[in-house]
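First the structure, in the form of structure tokens, and then the observations on it.
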Amino acid sequence: MRKVILAFALLLFHTVDSSAQKTLADSLQQKLPFTKDTARVTLLNKISTLIASSDSKKSLALSQEALKLAQDLNSKNGIAQSHRALGIAWLYNNDHQQATENLQLSGDMALANKQWELAIQNYLNLGGMYCSIFGNYVKGMEFYTKALGVCESENIAYKIYDAYSGIAYVYQHQHENKKALDYYMKALGYLEKTNDHNSLGILYQNIGEHYQEAQQLNEAVSYLAKSLEAFKRGGSKGGTISTLTLLSDVCRQQGFIDKALAGDMEALAISKTITYERAKYYVYNSLGKTYYAMKEYAKSKGSLEEAIAIAEKVKMNEEMRDTYLSLARVSDKLSNHIEAYRYQQLHTAYADSVRSKERTSQLTEMEVRFESERKEKENQLLKKDNDLNRLYITVITISFVSVVAIGFLFFNRQRLKMKSTQALMETEKKLIEAEAKNAQLKQTEKLQRQFNQQLADVEMKALKAQMNPHFIFNSLNSINWYIIKSESEKASLYLTKFSKLIRLILDNSNHKIISLDQEMTALKLYLDLEVLRFNEKFTYSIFIQPELNPLSVGVPPMIIQPFVENAIWHGLLHKEEVGKLDIEITRMEGGVKCVITDNGIGRKKAAEMKSKTADKDKSYGMKITGDRLNMLNRESIVSSVEIIDLEDVEGQPLGTQVIVKILSAEIEPEF
């Protein structure tokens, strides 16, 4: 694989060799005599970075001055910035060890200082350098994932694409092409929305190289052309050189030698304006290959010798291995067999050195992968334990709240009974007084109606208070069962819906009339819980006539639920196959009509089943239902309840249908 060194080691520093940059650097230098303290540190670092590719020695001196001043001022931010500027300066002075040391110092200090963007940029640069210059892809991946972690934790979205691009590059080197392309496309999705031309140039270049390795040369040319345009718009000479030499390589593969030569010559002209030696190596190496393809072997040998001189100077061992092989071939074409043999020997020596380095890198990579997998498994186990602990705490909390709620409801019921007794005594007293005074019959009847209404209110609230604990205990048992079975996701889902329903029941129990919308919300929560509890033993649907506004129709709370519960427990749960429950709400004169239809076993067969559990549930649930209906009928709220046994033509049961007619009240919608 060809290493895109300029893309990662040069471009990510955003050091652009252009006249605009030089003008900016000159302008900033004029301000130096008038700046002091931390402002001077910042200015020195800016100038150092701007001139790093054109005057690397002066860049180094300025960043060293900035670091000393920042240390004297004890400016943590200034020290972190200065180490970054030093890292860039050492890179262009071809001291890669010093460059990585300073960049890592800058990144770690920035992270401690919460200079998030500075930390991210340093980690991205380190990832690129370890991959491109040192060939250590394990270390490169470590820094890319570290940068991605900071981006995600601090919500710095616009830098995520750089991390994605770096991770993709590592996967590409490991020949995991699908993963590589996936990450490249993720990065592209972020980056194409920005005006960051140089970063876009890097990404297009890497995708182009990916397609080149897959021998999809037309796609490679398309993306490399986009890369070249982006680098030129961004003013990056280093990026332009890198893409031009890659394009020349693809053109040689396609047989377009003239285009390859034109690209190499353009790259050569640009390389003479910068000081970065590695860039020049790639230009001469590419030019040597192009001349070889043109059979101009003397020119090829001259260009390759220029390349090898640079590679020896900056210790590019892997590149020297490849270039010595090219020199051996071109020397053979020139009939200089002794020189060809010497170059072949040098190629072999460097190949052995590179293989040894690669083996060491592979062992390190295996070790890092093993440790990563082990830590990942430990983290997964720890997360699972934490999730279970949180779930247990939540269940205990909800249980406690539920017990308190039950206590409140019990106390409330007793209080209501006392009020009922008091109301009865007061009303009787009024009746006695009225009889004693020979009050009119009409007044007596009025007092009697008031008494009945008060008594109905109290009894209705008491019945609701009885129903809530019954449902609470059933639900808590279901949650406990999911926990015992270690089905934490189901337990969490059940717990969430259960909590919402409890709150609704407590809120609604204080109101005689609630909106149909509130009633349907509570009913849906109840049905969802029962579907979960009985492992999707049945499905349900709720239809509300479009002309009916559920927010403005008032109904008693939990009026429909007892019929639904009866349909589930005594009709649907005894079916072998999955049951179906349909609830339809439509308008009728003076109120609403609710039709509850199930395809259960029917009332006759249900009555024949003598399960103790069924009998117990039926006696309790139906007693509550009957008592509530008596109260509602007394208040003229429910006008009628009709139960229809559904049968086929042969008299076999198809289920049960319940029609409840509710005389509703108009209420003002709440928003």
Yes or no: region 166-183 includes at least one residue that is open to solvent by 50 Å² or more (accessible area, probe 1.4 Å) and among the hydrophobic types (A, V, I, L, M, F, W, C). no
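Are there helices (runs of 4 or more DSSP H) fully within region 77-160 with at least 2 residues that are under 30 Å from MET320 (Cβ atoms) and open to solvent by 50 Å² or more (accessible area, probe 1.4 Å)? List them.
96-112, 137-153
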Criterion: in contact (Cβ under 8 Å) with a residue 12 or more places away in the chain and among the charged types (D, E, K, R) - qualifying residue of LYS114, LYS57: LYS57
The lone condition SER54 fails out of (1) closer than 30 Å to LYS315 by Cβ; (2) in a helix (DSSP H, G or I) is (2)
Of these, GLU589, GLU608, which one is modelled with pLDDT of 85 or more, over 14 Å from GLN657 (Cα atoms) and open to solvent by 50 Å² or more (accessible area, probe 1.4 Å)? GLU589
Whichever residue in region 510-555 is assigned to a helix (DSSP H, G or I) and of a type in the set (Val, Ile, Thr) and, among such residues, is least open to solvent (accessible area, probe 1.4 Å): VAL531
Restricting to region 63-76, name every residue that is over 15 Å from ASN113 (Cα atoms) and either among the β-branched types (Val, Ile, Thr) or open to solvent by less than 20 Å² (accessible area, probe 1.4 Å) (or both). SER63, ALA66
Taking region 332-345, which residues are under 59 Å from the mean Cα position of the chain (by Cα) and within 12 Å of LYS295 (Cα to Cα)? LYS333
Please specify each residue of region 245-296 satisfying the condition of being within 30 Å of LYS57 (Cβ to Cβ), of a type in the set (A, V, I, L, M, F, W, C) and surrounded by fewer than 23 Cβ atoms within 10 Å (Cβ to Cβ). MET265, LEU268, ALA269, ILE270, ILE274
Which of (1) in contact with a helix residue (DSSP H, G or I) (Cβ under 6 Å, 6 or more places away or on another chain); (2) surrounded by fewer than 18 Cβ atoms within 10 Å (Cβ to Cβ); (3) not basic (Lys, Arg) does TYR341 not meet, given it meets every other one? (1)
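The values are calculated or read from the model by the stated rules, or taken from the named source; none is laboratory data. It should be emphasised that the depicted structure is a prediction, and the values quoted were computed from it without experimental measurement. Counting neighbours? That spans all protein chains shown, and the Cβs are built from the backbone with ideal geometry, glycine included. All accessible areas refer to the heavy atoms of the entire protein, side chains included, with ligands and DNA or RNA removed. Shrake-Rupley method; radii C 1.70, N 1.55, O 1.52, S 1.80 Å.
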